[in-house]
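Visitor: Structure in structure tokens, see below.
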Amino acid sequence: MVTTHNLGFPRIGARRELKFAQESFWKGQISQEELKTTGAELRHKHWQNQRQLDLVPVGDFSFYDQVLDMSATLGNLPKRVKETGGTELDQYFRAARGRSGQETTSFEGVHAGEMTKWFDTNYHYIVPEFHQHTRFQLNADRLIDQIAEARAQGLTPKPVIIGPVTYLWLGKTKDESDRLALLKSLLPVYSELLDVLSAQGVEWVQVDEPALVTDLDADWRHAFTLAYHHLKTCAPKLLVATYFGELRENLQLACELPVAGLHLDAISAPQEVARVVDWLPPHKQLSLGVINGRNVWRTDLEKVLDWLEPAYQKLGARLWLAPSCSLLHVPVDLDSEEKLDSELRSWLAFAIQKLDELNILATALNDGRDVVREALASSSSAAQSRRTSERVHNPSVRSRTTEIRAELGQRQSPYSERIAIQQEKLELPRFPTTTIGSFPQTPDIRQTRLQFRKGELTEANYTTRIREEVRRCVAEQEALGLDVLVHGEAERNDMVEYFGEQLDGYAFSQFGWVQSYGSRCVKPPILFGDIARPQAMTVEWINYAQSLTEKPLKGMLTGPVTILNWSFVRDDQPRRDSCFQLALAIREEVLDLEAAGVGIIQIDEAALREGLPLRQSDWANYLDWSIEAFRITANGVRDETQIHTHMCYSEFNDIIESIARMDADVITIETSRSDMELLDAFRGFQYPNDIGPGVYDIHSPNIPESKQITALMIKAAERIPAERLWVNPDCGLKTRQWDEVLPALKNMVAAARELRETVQ
Ligand code: GLN
Ligand code: ZN
């Protein structure tokens, strides 16, 4: 018999119950006990959803983040947090977000832990903090309690913890010390934890070590061997789980670890399955992740069985089945989606449906395909309909993508020539000022969009209201004296969804929420088919805004790479192909804006950096096609049309040459939090075009003084010639309030004026 299990279940709840409870607690509207009750109810429900599995994950639920939970279990919350007193949960939330609930007046807060992306997903974790003298101390209460809860439901618990090496790998030292040196003092605490779990009668523990799919140097590789030799005397059986990528040069290391089982992500590393089946010592269990835990497509079960059956013949009861990774990265339940048509629904599977698929596969292996004949037939026919549906395959899009040539991405003249033409036309001062696109999204704007969506507002009334907002935004920018204006993006709910909704080939769920961090959830649109743009998407709004001012107004678009990276994308063609289709669609919009007389067009690529693959050797390939996609989108315009792009997140140093290849006339980037450190990249590499390093940190309510802005810009001018510098905030202003934005921009404009006088 094969064993079925799951690596983790989404914790937010099918209706985002956890989010609402967290936020009510933080606002002081519910008590700690009420929050804990919601947590327990969600766990109960989610285990019921998983009750057909042989082993259910325990410890995957979290009130904020699973890495922070591990820090708490290891007694490694930052010292500043431990000193604040209060309950465990208070300290936990302070580590996550600076403050707990119900303490808005008396407690100033401590600074929150840093947050960063969990491998190559859009989930963000709280970075563990280390010092040379960090000492760990076990607190296993959370796991012990939850083991008991799962048992009370008659289930077999399999605690999930982050492995010692990945835990260190995920963290940062706050002094200069080497965090790997802490392994020695960390391992005894892991041993203690495993002993405690064993005393609870636990047979299997899942130890997540996804660091095994990254580039590791010899010391880190050695750490794995050391760690698991240390832990091998502990009683519970360990299943080391790797996911999100191929093991490659770490494959042998992973197979040889002295543990009882290995989980391999057969979705991202299909070509490694055969090798692991052959190499894995005969006393070990092999868990294969055969259902994609990162996307929303239904599995073609017969196809999986075709390769899984031979593996089962070799492995017998040593074979375990699971989703490829934790289901944290997919929505909870497709059954909630009443608005999706039945054809589209038949192509999809969310967490609950994925576990059903897993059970069908297990039954087929255990008792033969015949027993689950109907389920297999329905899976095959869904796969067949997806392969052939006209909604997915649009021959005219196909033929256009095959006709893509490099010239499409080539501007007419080099930057040095076209910038001169643009300057003559635009007549901008030195140190021109602009913003990144959005202005505050007031409750009124949100209300207006919601009413329109619900049909409570006619299209004409909606347009009038949004136009009022655009008018206000343009007037404010004129009054401030900004040089390049924007329309403010009041009509946009989200920079990806807005475009997805207007493109063919996209679908939208109602409840397809996925946790991004803490209580923040995103609902990625579903890119299911060939992408086409039936009509212009932004031209009317931009035209209207331009009609209100003599100053140049910047058209605002989201680029193909960002749209791709923030969507659930199809798995029946390479990401690159979907990206090129998006590029052609957005290119049409760029050309329509240009034809309408818009002289400056910004194409945001906020998520280009975060799409980088986990392995550095895969970067070049990703950058090649993603930069090419941007070039196709942007570079079909005439010399006099100025192309801007914007990128969030710092750390450009390692990809600066690719960014230069985009050949945007102007790039605006996030720098203000790093005190222009980011611009160090520009020392070694002569970035050729115009650049606007962000001087107003829009993530903070602080209002920058004009002196601070001038100082930042003078630093920038040490690295980049002054005539190529722009002055702007570091991201869109939509999350801020008008009363913050106005004084901040006023100071920014004053700083630019001063720079024009003082910098030669
Ligand atoms: N134009 C977008 C805005 O201003 C860019 C947002 C982003 O980079 N995340 O909101
Ligand atoms: Zn940004």
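The values are calculated or read from the model by the stated rules, or taken from the named source; none is laboratory data. All values derive from a computational prediction rather than experimental measurement. Using ideal geometry, Cβ is built from the backbone for each residue, glycine included, and neighbour counts are taken over all protein chains shown. What goes into the accessible areas is simple: the full protein's heavy atoms, side chains included, and nothing from ligands, DNA or RNA. Shrake-Rupley method; radii C 1.70, N 1.55, O 1.52, S 1.80 Å.
Visitor: Within 10 Å of each candidate Cβ there may be at most 12 other Cβ atoms; applying that plus a DSSP loop requirement, which GluC sites (Glu not before Pro) in segment 132-206 survive?
Guide: The qualifying sites are Glu176.
Visitor: Further question on the same structure: Working out 0.36 nm times the residue gap between Glu17 and Asn653, then minus their Cα-Cα distance, what length gain in nm do you get to one decimal?
Guide: Contour length minus Cα-Cα distance gives 224.9 nm.
Visitor: Then there's this: For the chain, with all protein chains present and a 1.4 Å probe, just round the carbon and sulfur fraction of the accessible area to a whole percent.
Guide: Exposed carbon and sulfur together represent 48 percent of the surface.
Visitor: Taking H as built 1.01 Å from N, whose amide H comes closer than 5 Å to the amide H of Gln285, not counting residues under 5 places away?
Guide: Residues meeting the criterion, in which the H sits 1.01 Å from N, are Gly261, Leu262.
Visitor: Rounded, prolate or oblate for segment 205-268? Axes are the square roots of the Cα gyration tensor eigenvalues, ordered a ≥ b ≥ c, and the cut-off for rounded is a/c under 1.5.
Guide: oblate
Visitor: Still on this structure, I have one more. I need the phi-derived Karplus couplings for segment 698-709: 6.51 cos²θ - 1.76 cosθ + 1.60, θ = phi - 60°, integer Hz, Gly and Pro marked x.
Guide: Values, residue by residue: 7, 7, 10, x, 5, 9, x, 7, 5, 4, 4, 5 Hz.
Visitor: Something else now. Classify segment 35-176 as rounded, prolate or oblate from the Cα gyration tensor: take a ≥ b ≥ c as the square roots of its eigenvalues, call it rounded if a/c is under 1.5, otherwise prolate when a/b beats b/c and oblate if not.
Guide: prolate
Visitor: Cut-off 16 Å, label point 7 angstrom out along Cα-to-Cβ of Glu427: give me the residues of segment 590-619 whose amide nitrogen falls inside.
Guide: 599
Visitor: I need the phi-derived Karplus couplings for segment 261-268: 6.51 cos²θ - 1.76 cosθ + 1.60, θ = phi - 60°, integer Hz, Gly and Pro marked x.
Guide: Per residue, the Karplus-derived 3J(HN,Hα) values read x, 10, 9, 10, 7, 6, 7, 8 Hz.
Visitor: Of Ser342, Pro701, Gln477, which is farthest on the positive side of the dipole of the chain, counting Cα position, with +1 on Lys and Arg Cβ, -1 on Asp and Glu Cβ, and the Cα centre as origin?
Guide: In the chain, that residue is Ser342.
Visitor: Keeping all protein chains in place, calculate the accessible area per residue for segment 163-266 (probe 1.4 angstrom), answer in Å².
Guide: 35
Visitor: Turning to a different aspect of this structure: Set the Förster distance to 22 Å, then compute FRET efficiency between Asp572 and Glu309 from the Cβ-Cβ distance, nearest 0.05.
Guide: 0.40
Visitor: Now a separate question. Roughly what would the spin-label model give for Ser342 and His44, points 7 Å off Cα along C-beta, in nm?
Guide: 3.6
Visitor: For His646, which sequence-distant residues (separation of 5 or more, or a different chain) have an amide H within less than 5 Å of its own amide H, given hydrogens modelled in the peptide plane?
Guide: Result for His646 returns Ile603, Asp604, Glu605, Thr668.
Visitor: Efficiency by 1/(1 + (r/R0)^6): what FRET value for Arg661 and Gln153, r their Cβ-Cβ distance, R0 = 51 Å, to the nearest 0.05?
Guide: Plugging the Cβ-Cβ distance into 1/(1 + (r/R0)^6) gives 0.40.
Visitor: Next up: Dipole magnitude of segment 146-200 about its Cα centre, charges +1 at Lys/Arg Cβ and -1 at Asp/Glu Cβ only, in debye to the nearest 20?
Guide: 140
Visitor: What per residue convex hull volume, in Å³, do the alpha-carbon atoms of the chain yield?
Guide: Per residue, the Cα convex hull of the chain comes to 163 Å³.
Visitor: On C-alpha positions alone, give me the angle between the axis of helix 17-26 and the longest principal axis of the chain, in degrees, nearest 10.
Guide: With rounding to tens, the tilt is 70 degrees.
Visitor: Want the number for Gln271 to Glu718: 0.36 nm per residue separation, take away the alpha-carbon distance, what's left?
Guide: So the extension gain works out to 155.9 nm.
Visitor: Let me ask you something else. For segment 388-500, what is the charge dipole size about the Cα centre, in debye to the nearest 20, if Lys and Arg each add +1 at the Cβ and Asp and Glu each add -1 at the Cβ?
Guide: Computed charge dipole of segment 388-500: roughly 320 debye.
Visitor: How far apart, in nm, are two points set 7 Å out from the Cα along the Cα-to-Cβ line at Asp335 and at Ser177?
Guide: Label at Asp335, label at Ser177, 5.1 nm between them.
Visitor: What residue among Gly109, Val397, Val207 has its Cα farthest toward the positive end of the dipole of the chain, where the charges are +1 on Lys, Arg and -1 on Asp, Glu, each on the Cβ?
Guide: Most positive-ward Cα: Val207.
Visitor: What does the charge dipole of the chain about its Cα centre add up to, to the nearest 20 debye, if the Cβ of each Lys and Arg holds +1 and the Cβ of each Asp and Glu holds -1?
Guide: 800
Visitor: Using a 1.4 Å probe on the protein heavy atoms only, what accessible surface does Glu17 show? Give it in Å² to the nearest 10.
Guide: Looks like 50 Å² after rounding.
Visitor: Determine ³J(HN,Hα), in whole Hz, for all residues of segment 164-176 in sequence, where each value follows from phi through the Karplus function 6.51 cos²θ - 1.76 cosθ + 1.60 and θ = phi - 60°; x replaces Gly and Pro.
Guide: Ordered by residue, 3J(HN,Hα) equals x, 6, 4, 4, 5, 4, 6, x, 9, 8, 8, 10, 8 Hz.
Visitor: Given 0.36 nm per residue, what is the gain on full extension from Ser399 to Ser378 after removing their alpha carbon distance, in nm?
Guide: 4.4 nm is the gain from fully extending Ser399 to Ser378.
Visitor: Could you work out how far helix 183-199 tilts from the main Cα principal axis of the chain, as a 0 to 90 degree angle to the nearest 10?
Guide: The angle comes out at about 50 degrees.
Visitor: Non-local amide H neighbours of Trp118 (under 5 Å, H modeled in plane, Pro and chain starts lacking H): which ones?
Guide: Answer set, sorted by chain and number: Tyr123, His124, Tyr125.
Visitor: A further question on this structure: What shape does segment 6-80 take by its C-alpha gyration tensor, where a ≥ b ≥ c are the square roots of the eigenvalues and a/c under 1.5 counts as rounded, a/b above b/c as prolate, and the rest as oblate?
Guide: Judged from the Cα gyration tensor, segment 6-80 comes out oblate (a/c at least 1.5, b/c at or above a/b).
Visitor: Also: Describe numerically, in nm with one decimal, the distance between label points set 7 Å from Cα along Cα→Cβ at Glu34 and at Gln52.
Guide: Reported label-point gap for Glu34 and Gln52 is 3.7 nm.
Visitor: Oh, and also: Would any residue of segment 170-192 have its amide N under 12 Å from a label point 7 Å out along Cα→Cβ of Thr233? List them or say none.
Guide: 188, 191-192
Visitor: Using only Cα atoms, tell me the angle between helix 301-315 and the longest principal axis of the chain; keep it within 0 to 90° and round to the nearest 10.
Guide: Computed tilt is about 40 degrees.
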